[in-house]
Amino acid sequence: MRSEKVRQAYGSVADLYIDLFGTTQKINPDDPAFIGRHLAGQTGTVLDLGCGPGHLTGYLRSLGVDARGIDLVPEFVTHARAAHPDVEFHLGSFERLDVATGSVDGILAWYSLIHLPPEEVDGVLGEFGRAMAPGGKLVLGFFDADEVGPFAHKVVTAYRWPPDEVSERLSRAGFREVERVQRPAEGGQRPHAAIAAVAEPRRAG
């Protein structure tokens, strides 16, 4: 099962991953700025899906956001709870969220969808749309590319995406893009893209 393979792969390198990326000081400062710009004003629950070590969940909480983290890797959840004791973290998958329809005001999926095969992405975005209240914000971070395709990620196979393709899929799931940023490869880092989108009102019927 793909999710079990991903869980095991990240579990085996959890300590190294936490050392490399486990605080906001260890990531590009433009990234938390982009995240905060779109999620800091959300007044309801914001889910950090695939939260990893919990550093971005903690960052959102520091901005006054009711942020909660979910990850399928037990080692990450254990670390996140210890590092951010005032924040809720749960073990689980973002493919089926245990929340009521329209009950979430924001979702952060920062490099959380990169291991999903392209044929599974629409279903996950649809689940995000189900959970999100109209007007809620979704923020995605992902690897930028000219076309969709897999590559040999250091942990487990991942996929690159053109931002226009991501935006189109978001539209099909009921979201409207409101901002995107792209950053070229630099310092050994792969090309980066991020999109913020707002959940449109649901159509009757």
What are the residue pairs meeting all of these: first residue in region 11-26, first residue farther than 15 Å from residue 59 by Cβ and in a helix (DSSP H, G or I), second residue among the hydroxyl-bearing types (Ser, Thr, Tyr) and modelled with pLDDT of 70 or more, Cβ atoms under 8 Å, and 6 or more apart or on different chains? 17/10
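Considering each residue of region 149-192, count those that are of a type in the set (S, T, N, Q) and in contact with a strand residue (DSSP E or B) (Cβ under 7 Å, 6 or more places away or on another chain), and give that number. Before the answer, list the steps.
Residues of region 149-192 that are of a type in the set (S, T, N, Q), as a first pass: 157, 167, 171, 182, 189.
Right, trim to in contact with a strand residue (DSSP E or B) (Cβ under 7 Å, 6 or more places away or on another chain) and you get 157, 167, 182.
Qualifying residue count for the region: 3.
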Filter region 32-54 for residues that are more than 12 Å from the chain's Cα centre (by Cα), under 23 Å from residue 81 (Cβ atoms) and part of a helix (DSSP H, G or I) and give the result. 32, 36, 39
Working only within region 28-41, note down all residues that are touching a residue at least 12 places away in the same chain (Cβ under 8 Å) and of a type in the set (A, V, I, L, M, F, W, C). 34, 35, 39, 40
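Quick one: is residue 145 surrounded by 14 or more Cβ atoms within 10 Å (Cβ to Cβ) and closer than 18 Å to residue 32 by Cα?
Values: surrounded by 14 or more Cβ atoms within 10 Å (Cβ to Cβ): yes; closer than 18 Å to residue 32 by Cα: no.
Judged against the criteria, residue 145 is not a match.
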Among the residues of region 35-79, how many are among the small types (Gly, Ala, Ser) and under 19 Å from residue 113 (Cβ atoms)? 5
Which ones in region 42-79 are in contact (Cβ under 8 Å) with a residue 60 or more places away in the chain, under 19 Å from residue 103 (Cβ atoms) and surrounded by fewer than 21 Cβ atoms within 10 Å (Cβ to Cβ)? 43, 44, 45
For region 91-113, which residues satisfy the criterion of being out of contact with any helix residue (DSSP H, G or I) (no Cβ under 7 Å at 6 or more places or on another chain), surrounded by fewer than 21 Cβ atoms within 10 Å (Cβ to Cβ) and more than 18 Å from residue 32 (Cβ to Cβ)? 92, 98, 100, 102
Out of 109, 145, 133, 158, sole residue that is of a type outside the set (Val, Ile, Thr), modelled with pLDDT of 95 or more and within 17 Å of the chain's Cα centre (by Cα): 109
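The values are calculated or read from the model by the stated rules, or taken from the named source; none is laboratory data. Since we're looking at a predicted model, the values are computed, not measured. Counting neighbours? That spans all protein chains shown, and the Cβs are built from the backbone with ideal geometry, glycine included.
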